[in-house]
Amino acid sequence: MNDDVPDIPWAAGLFDGEGTVLIRRRLKPGQGAKNPMYYVEVSIATTTGHVAKLFRAWFGGYVSRRHRAQYPTRRIIYRWRSAAQKAVAFLRLVQPHLRIKHHEVEIALRLQRLVDQQKHRPNPHPNGQHGGGNRFTITELAEREALYQLLLHTRRSAGERLGVIAELAS
């Protein structure tokens, strides 16, 4: 494998089996649930630092490492993460090659389409008011929250299906 050129099918296969796609919901300090921010995040956890660094070189993002002191014999876990536009660009590259996470990726990309549409439209509040700092309508926030909840449910359901498959195979 040439480390300088992204191997998209290989990366997609690794992400499909070991990766995570999330919609993150962040509450802005002092505003509580009034003005949440939603964005896409992807990650892969591996015990192979080279793999995590390849993903960073190919797709951006960052790599962290974790070693739990209470388990000194366990290997270090390297986690590649990417968020927002870089995560979305990665998902668009790997999506055609996915089998397991295809539905999860579609939900995340739906959120990004909403973000992109809402980013390039006029302020919905009269006289330039932001409704206490919120530039999104109640409907727009509800759409984002619905996708957030849908992805949570989809990920749980997928985990349950894989558990049933593993039980049947044994």
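Quick notes on this structure:
- Some residue of the stretch 20-28 being part of a helix (DSSP H, G or I) and open to solvent by 40 Å² or more (accessible area, probe 1.4 Å): no
- Screening the stretch 48-62 for residues that are over 16 Å from Thr20 (Cβ atoms) and not basic (Lys, Arg) and picking the one that is most open to solvent (accessible area, probe 1.4 Å) gives His50.
- None of Val105, Val94 is open to solvent by less than 30 Å² (accessible area, probe 1.4 Å), modelled with pLDDT of 95 or more, part of a helix (DSSP H, G or I) and more than 20 Å from Leu152 (Cα to Cα) except Val94.
- Top-ranked residue of the stretch 1-19 - restricted to ones that are exposed (fewer than 14 other Cβ atoms within 10 Å of the Cβ) and of a type in the set (A, V, I, L, M), ranked as nearest to Ser82 (Cα to Cα): Val5
- Hey, Arg65 open to solvent by 50 Å² or more (accessible area, probe 1.4 Å) and modelled with pLDDT of 75 or more or not: yes
- Filtered residues of the stretch 61-108 (kept if free of Cβ contacts under 8 Å to residues at least 40 places away in the same chain and aliphatic (A, V, I, L, M)): Val63, Ala69, Ile76, Ile77, Ala89
- Test: residue in the stretch 44-57 that is free of Cβ contacts under 8 Å to residues at least 24 places away in the same chain and part of a loop (DSSP other than H, G, I, E, B): no
- Pairs with Cβ under 8 Å, 6+ apart, first in the stretch 1-26 and closer than 20 Å to Leu111 by Cα and free of Cβ contacts under 8 Å to residues at least 40 places away in the same chain, second open to solvent by 50 Å² or more (accessible area, probe 1.4 Å) and among the aliphatic types (A, V, I, L, M): Arg26/Met37
The values are calculated or read from the model by the stated rules, or taken from the named source; none is laboratory data. The shown structure was predicted, so the numbers you read here are calculated from the model rather than taken from an experiment. Positions of Cβ are generated from backbone atoms using ideal geometry, with glycine treated the same way; all protein chains shown enter the neighbour counts. For accessibility, only protein heavy atoms count, side chains too; no ligands or nucleic acids. Shrake-Rupley method; radii C 1.70, N 1.55, O 1.52, S 1.80 Å.
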